[in-house]
Every structure is written in structure tokens, then in C-alpha cells.
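K.L.:
The structure under discussion is supplied below as C-alpha cells; questions concerning it will follow.
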């Protein structure tokens, strides 16, 4: 029976029909208590500096006078995605951030809440965003259609970007790993070096994709 190549990423661990793979999404919470120790560790100090830098950057994008404390949502979003991306690089741990059901569940509610809030409270401002400044009168109907379409597909593009980037590297690592048993000893050493290089690349992708997801959501919030 033939199966899809992507089926290796499907949730498969279950007890009494309970999908245990998704529990890996909450394993990142186990890393948090170290931040609340009386004597801070080096990890907690580094993580605090990262979160402080992100808070300042997000606050600069949103604006100092708007939504005080709103940056905490996007910093928490960055932390959640980053933990899940990192945990997915460990062997035999389910990568929840490579599935659309997870990424869309993060992007769609946030985007929808921003749109509802904006249209209810700043209707004139939201309508003005549909027509860029300096647009000729003849092109205004087309610009409204284009801007509306680009606005509607935003949660989909956020979800697909994160899931596709995470599953692409995992798929490449899986494909190269499956060929190891058919190679000679000398070729296997090159394969291991290549796998280590790809793993370093995946570490960078995990950080970059978490940052991109959070920064784009912050930009969408700044428009509201």
C-alpha cells in the first residue's frame, strides 16, 4: 500500500484514540519556571534580554501611545512558536508548528480579532486603508478589490509560510536520513556532516520563522 511522503509527519501516537502528539505543543511551558528562580541563571538572563529587545521593537512598530501592553501578546506568540520549532528538531518529538491546523489556529483568531476591533472602532480609518494615498480615481475600484483580497489572505499566508518552512527542512532531513543505510562508510560520513549543517540551518529557520510570524502580526496590528 502506497503512502504519501508527508505521512511521516502525521500524528500517529495515541492511547485510547487520544492524539498524544499534540502534547508536545505544551512541553515548552516546562522551560519557563527557571525564569522565576530567586537566583537567575544565564539562560534566564539571555531570554530576558531577548524578550526585552522584542518588546521595544514591537512597541516601536505599534506606536508608543497605542495599546499599552499589547506587545506582550506578540512576545508570547514569538515564545510559543520558537519553543515549538525548537522542540520539533529533537528526535521522536512531534512538530506541531509544521501543521496548518496549528499555525492557522494561531494566525486566524488574532487577525480576525484585529479586523473586528478595527472595523467597529475605526471604520473610517479602515476604509481609508483600502485606497492608498495618491491613487488615480479610475483605479480606486480596482485598488479596493486588491487591498481587500490581500487583507483577507493574510492569515492564510502567515499559516502556510510557517508550516511550509518548518516541514521543508524536516522533509529534507528525513529524505537524506533514509538514504544512510544504502551508502558506503565514506559516503555516510559526508551524509552526517550534511545532516549537521542542515540541522544548524533548521535552527536558524526556527528562530527566523518565529520572528517573522510575530513581526508580521505586529505590523497588521499597527495598521489598526
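The values are calculated or read from the model by the stated rules, or taken from the named source; none is laboratory data. What you see is a predicted model; the values in this text were computed from it and never measured. All Cβ positions, glycine included, derive from the backbone under ideal geometry; neighbour counts span all protein chains shown.
K.L.:
Pairs only if they're at least six apart or on different chains, beta carbon under 8 angstrom, first in region 203-224 and touching a residue at least 60 places away in the same chain (Cβ under 8 Å), second outside any helix (DSSP H, G or I) and crowded, with 19+ Cβ neighbours inside 10 Å; list them, first residue then second.
P.N.:
Going by the 8 Å Cβ cut-off, the qualifying pairs are 206/88.
K.L.:
Just for region 30-67: of the residues that are assigned to a loop (DSSP other than H, G, I, E, B) and exposed (fewer than 11 other Cβ atoms within 10 Å of the Cβ), which one is modelled with the lowest pLDDT? Don't jump to the end; show me each part of the working.
P.N.:
Just the residues of region 30-67 that are assigned to a loop (DSSP other than H, G, I, E, B), to begin with: 32, 37-41, 63-67.
Adding the requirement that they be exposed (fewer than 11 other Cβ atoms within 10 Å of the Cβ) leaves 37-39, 64-65.
On the way: 37: 55, 38: 58, 39: 64, 64: 65, 65: 61.
The residue in question is 37.
K.L.:
Please name all residue pairs, on different chains or six or more residues apart, with Cβ atoms under 6 Å, provided the first residue is in region 112-125 and is farther than 15 Å from residue 62 by Cβ and the second residue is in a helix (DSSP H, G or I).
P.N.:
Pairs that qualify, where the first residue is farther than 15 Å from residue 62 by Cβ and the partner is in a helix (DSSP H, G or I), are 119/126.
Condition check ((1) surrounded by 11 or more Cβ atoms within 10 Å (Cβ to Cβ); (2) touching a residue at least 40 places away in the same chain (Cβ under 8 Å)) across all residues:
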{"position": "139", "(1), (2)": "yes, no"}
{"position": "146", "(1), (2)": "yes, no"}
{"position": "149", "(1), (2)": "no, no"}
{"position": "154", "(1), (2)": "yes, yes"}
{"position": "163", "(1), (2)": "yes, yes"}
{"position": "168", "(1), (2)": "yes, no"}
{"position": "172", "(1), (2)": "yes, no"}
